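Each reported figure results from applying straightforward, stated rules to the coordinates on display, with no laboratory input. Note that the coordinates shown come from a computational prediction; the quantities given were computed from them, not determined experimentally. Don't worry about glycine lacking a Cβ; one is built from the backbone with ideal geometry, like all the others, and counts go over all protein chains shown.
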Amino acid sequence: MDATPQDSNARAYRWPRAWLALTAAFGLHVIDEAAHGFLQWYNPAVLNLRERIGWFPMPTFERQVWLAGLITAVLVLFALTPVVARGRRWLVPVAYIYASVHVVNGLGHLGLSAAARQWIPGVLSSPLLLLAGAWLLIETGRVRRFGQSPRRPDTLKEGIR
């Protein structure tokens, strides 16, 4: 069954919307972590694991550096939204990685909260990361599977009827 132009247009809109939704969820997650003292939980946990097992690959952070890095990442990802909307194929693997990182991040917060039987900072926004990350994975799969770059319809020809 061939895709209709309407199917292509729907895909063209869903992929950047999914990207934007994940980026908004990521921004909210940064706010959630910063407001609830994530580093006050994270840094001691990393140091404890290093002490126990001798080597642990996660770094510790100073609040200003951590927050500046996350804010920069969110802004860059927001800035890439129009590029995603133009259907740049090089963003397909980037979108897979971006979504996967946040699905794992969301699952990590939820799993650690369940294991610790307490709210880990960032857990409140984790369901949003999971949902938005899953949506971006689905939409990226559709873009890849149909083998065509999504294109927005020409608003002068198709958008106003």
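Enter the Cα centre distance for the pair region 107-126 and region 24-41, rounded to the nearest angstrom.
Their Cα centres are 12 Å away from one another.
Which of rounded, prolate or oblate describes region 82-136 when judged by the alpha-carbon gyration tensor and an a/c cut-off of 1.5?
Here region 82-136 falls in the prolate category.
Hey, got the dipole for region 5-150? About the Cα centre, +1 on K and R Cβ, -1 on D and E Cβ, debye to the nearest 20?
Dipole of region 5-150, to the nearest 20 debye: 540 debye.
Cut-off is 10 Å between beta-carbons; in what order do 71, 53 appear when sorted fewest neighbours first?
In increasing order of surrounding Cβ atoms, one gets 53, 71.
Any chance you could get the radius of gyration and Dmax over the Cα atoms of region 5-150, in Å?
17.1, 59
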